[in-house]
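The structure appears right after this line, and notes come after that.
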Amino acid sequence: MIDKLINDSLKKGISYASYRSLIKDLLTQKKSTGKTQTEAILNFSILNDRRMDRLDKTLKVSSETLKSMSLLENKFTFLVIAEGWCGDAAQILPILNKIAETSPLIDLKIVLRDENPELMNQFLTNGNESIPKIIIIDSENSVINSWGPRPMIAAKMVIDYKEKNGRIDADLKKNLQLWYNKDKGINTQEEIIKLLKAS
């Protein structure tokens, strides 16, 4: 069951460049990815598209990541579940793309959450459809690990905030984006590399 699901998802998966084009094309139609279309979701998508434009230009892969990737011996696919309106996905996907660009042994494929409910249901986070979710797959198309929706430090920020305030709100989202900007993708790189080394 899971093998077929993974294989089907890999066939449907699109490249990072195609994902960016899809989002930009939808934005010209005043739309976002996903089933729900609201003004708020459209505004998040516009903001995230700008974020990804900036990150594509400014993000750097650390020397530790470059070294680890040069020692990689096995082929892996990062199958990522995402949506254009998701703030965490906008921060994480450019990092994954930069990591994938450092090695011919890494393939990055993206699928949309709302179009792939069966896949999403296999990779829930505490029972929630949290994205982005990165499924790390080996050369035999077997799932060896998953990661997401955000680095451990950012995840703890969310948990602590929810415990104190009871919910996620605009203040938390702002603080998360500030953290991502300061971190410059370092924690995400470290956590992904750790998973690859353990595989």
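Given contacts defined as C-alpha pairs under 8 Å and at least six residues apart, what's the relative contact order of the chain, whole-number percent? Kindly include the intermediate steps, with their values, before the conclusion.
On the way: 263 pairs, mean separation 46.8, N = 199.
Computed value for the chain: 24 percent relative contact order.
Hey, got the dipole for region 66-187? About the Cα centre, +1 on K and R Cβ, -1 on D and E Cβ, debye to the nearest 20? Don't skip to the answer; put the middle values down first.
Details: 15 positive and 16 negative charges, 110 e Å.
Using Cβ point charges on Lys, Arg, Asp and Glu, region 66-187 gives about 540 debye.
Within region 36-101, list the GluC sites (Glu not before Pro) lying in a DSSP loop whose Cβ has at most 14 other Cβ atoms in a 10 Å radius. All intermediate terms of the calculation are to be shown ahead of the outcome.
Working: sites: Glu39, Glu64, Glu73, Glu83, Glu101; in loops: Glu73, Glu83.
Answer in residue order: Glu73.
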Report ³J(HN,Hα) in whole Hz for each residue of region 136-145, in order, from the Karplus equation J = 6.51 cos²θ - 1.76 cosθ + 1.60 where θ = phi - 60°; Gly and Pro get x. 9, 10, 8, 5, 8, 6, 9, 6, 10, 5
Send over a whole-number figure in Å² for the accessible area per residue of the chain, probe 1.4 Å. 54
Extreme residue, positive dipole direction of the chain, given options Leu108, Trp85, Leu124 (C-beta unit charges): Trp85
Summarise the long-distance tail of P(r) for the chain by giving the % of C-alpha pairs beyond 22 Å. 47
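Can you list which of the trypsin sites (Lys or Arg not before Pro) found in region 26-110 are DSSP loop residues with at most 15 other C-beta atoms within 10 Å? Kindly include the intermediate steps, with their values, before the conclusion.
Numbers: sites: Lys30, Lys31, Lys35, Arg50, Arg51, Arg54, Lys57, Lys60, Lys67, Lys75, Lys98, Lys109; in loops: Lys30, Lys31, Lys35, Lys60, Lys75.
Taking region 26-110 and a limit of 15 other Cβ atoms within 10 Å, the loop trypsin sites (Lys or Arg not before Pro) found are Lys30, Lys31, Lys35, Lys60, Lys75.
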Once amide H atoms are placed 1.01 Å from N in the peptide plane, what residues at a sequence separation of 5 or more from Asn145, or on another chain, have their amide H within under 5 Å of its amide H? Ile136
Debye intensity ratio I(q)/I(0), log10, region 26-84, q values 0.16, 0.27 Å⁻¹ (C-alpha model): -0.71, -1.11
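The values are calculated or read from the model by the stated rules, or taken from the named source; none is laboratory data. None of the values given here were measured: they were computed from a predicted structure. Backbone-built Cβ (ideal geometry, glycine too); neighbour counts: all protein chains shown. We work out accessible area using only protein heavy atoms, side chains counted, and drop any ligands, DNA or RNA first. Shrake-Rupley method; radii C 1.70, N 1.55, O 1.52, S 1.80 Å.
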